[in-house]
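Working notes, structure below.
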């Protein structure tokens with residue numbers, strides 16, 4: 001029985017097919033149809049901490065083929081790890097076929113870079129290897145005045161170009177801030193998020209200015225023309241997108257300040273976020289916790305009440321409410337919130353006993369019952 005011997009063309013085709021399956025057929029289709037492919041985005045919020053995102057897995061697969069980086073395959077998902085191993089086998093087979101063809105043709109081949117071990121590293125910093133710092137985009141110049149519908153259309157086109165140019169760097173800054181928060185480099189995280197906040201706020205204000213100028217300067221008759229309506233719709237949409245992006249940046253920046261003990265700055269940022277989106281129960285809880293750290297107990301209790309109204313299954317929020325009431329001397333309400341926290345699943349009784357914010361409850365029979373007997377309360 002005659003065995004088929006693989007040639008270089010078939011191996012290349014199989015390698016390209018495997019890469020397409022890893023990177024996604026949609027990208028190849030977009031390239032064939034002539035569409036502009038989006039720039040790679042390093043920030044992906046849904047990625048699990050400590051594991052690469054889907055986009056990072058794709059980039060790692062390509063880097064493995066080209067030999068740019070050495071990766072830990074244990075960090076990859078099973079499907080991606082299988083594809084990486086298949087790509088490595090196909091790449092090695094392709095190198096072998098190339099060497100055989102070169103030997104038959106008498107062409108000298110350069111040494112294989114993959115067989116050369118990397119030089120050993122000496123010393124080293126306790127800080128892990130970080131990606132190159134992201135250069136924040138600079139806010140653009142002031143916008144020209146709108147007088148006609150044509151001016152509005154031209155200005156919207158210019159603003160779209162500026163937004164597209166700066167949107168990916170904003171996401172990269174947010175990704176750098178997230179990595180710094182995970183590694184507890186809070187100063188670096190604050191710097192990244194503040195840079196992202198500055199550029200995003202500048203874009204949001206510019207889009208709102210386009211809307212205001214268009215409504216104030218263009219006549220009513222001209223305002224209902226097709227081009228003017230499209231410009232107004234695009235401006236409103238982009239202003240909303242920028243405000244939504246700020247609701248994601250403010251809480252992360254506030255977490256950085258809170259970790260450094262700067263509760264006033266953290267509370268101000270959480271307050272800005274809930275002012276834009278008052279339906280986020282978790283940010284209301286962070287707002288109340290920051291107010292509690294800033295010793296604004298009444299305001300903390302108000303924010304925590306809003307969080308509970310939006311989501312009643314938060315044992316930590318009930319516990320924070322008990323602390324706020326204890327600090328204001330409302331023992332009965334503090335015990336009520338403490339029982340509610342336990343009924344919702346809060347079971348850290350050792351923390352309850354040692355919490356300095358609950359010292360005013362020590363000696364109260366209700367508090368002693370909660371700490372030492374941990375009853376199940378009918379709530």
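The values are calculated or read from the model by the stated rules, or taken from the named source; none is laboratory data. Just so it is clear, the structure is predicted and the values come from calculations on it, not from any experiment. Backbone-built Cβ (ideal geometry, glycine too); neighbour counts: all protein chains shown.
Some points to look at:
- Subset of region 299-330 that is surrounded by fewer than 16 Cβ atoms within 10 Å (Cβ to Cβ) and more than 32 Å from the chain's Cα centre (by Cα) - its residue that is nearest to residue 371 (Cα to Cα): 329
- Taking the numbered list (1) surrounded by fewer than 23 Cβ atoms within 10 Å (Cβ to Cβ); (2) without any contact (Cβ under 8 Å) to a residue 40 or more places away in the chain; (3) in a helix (DSSP H, G or I) in turn, residue 248 passes all entries but (2).
- Residue match in region 184-195 (condition: outside any helix (DSSP H, G or I) and under 20 Å from the mean Cα position of the chain (by Cα)): yes
- Of all residues in region 208-235, those being in a helix (DSSP H, G or I) and either at pLDDT 90 or above or out of contact with any helix residue (DSSP H, G or I) (no Cβ under 6 Å at 6 or more places or on another chain) (or both) number 13.
- Pair list, Cβ < 8 Å and 6+ apart or interchain, from region 157-179 residues that are under 25 Å from residue 146 (Cβ atoms) to residues that are outside any helix (DSSP H, G or I): 159/143; 162/140; 165/137; 166/137
- Any hit, region 260-278, residues being closer than 15 Å to residue 358 by Cα, surrounded by fewer than 18 Cβ atoms within 10 Å (Cβ to Cβ) and touching a residue at least 24 places away in the same chain (Cβ under 8 Å): no
- Residues being within 34 Å of the chain's Cα centre (by Cα) and surrounded by 14 or more Cβ atoms within 10 Å (Cβ to Cβ) - total across region 350-376: 3
- Filter result for residue 261 (farther than 20 Å from residue 176 by Cα, assigned by TED's automatic domain parsing to the domain that holds residue 161 and in a loop (DSSP other than H, G, I, E, B)): yes
Conditions (1) assigned by TED's automatic domain parsing to the domain that holds residue 348; (2) farther than 27 Å from residue 163 by Cα, marked per residue:
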site: 244; (1), (2): no, no
site: 265; (1), (2): no, yes
site: 271; (1), (2): no, no
site: 287; (1), (2): yes, yes
site: 290; (1), (2): yes, yes
site: 296; (1), (2): yes, yes
site: 301; (1), (2): yes, yes
site: 313; (1), (2): yes, yes
site: 317; (1), (2): yes, yes
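- Residue ranges of helices (runs of 4 or more DSSP H) in region 265-379 with at least 2 members farther than 30 Å from residue 250 by Cα: 331-343, 349-354, 365-373
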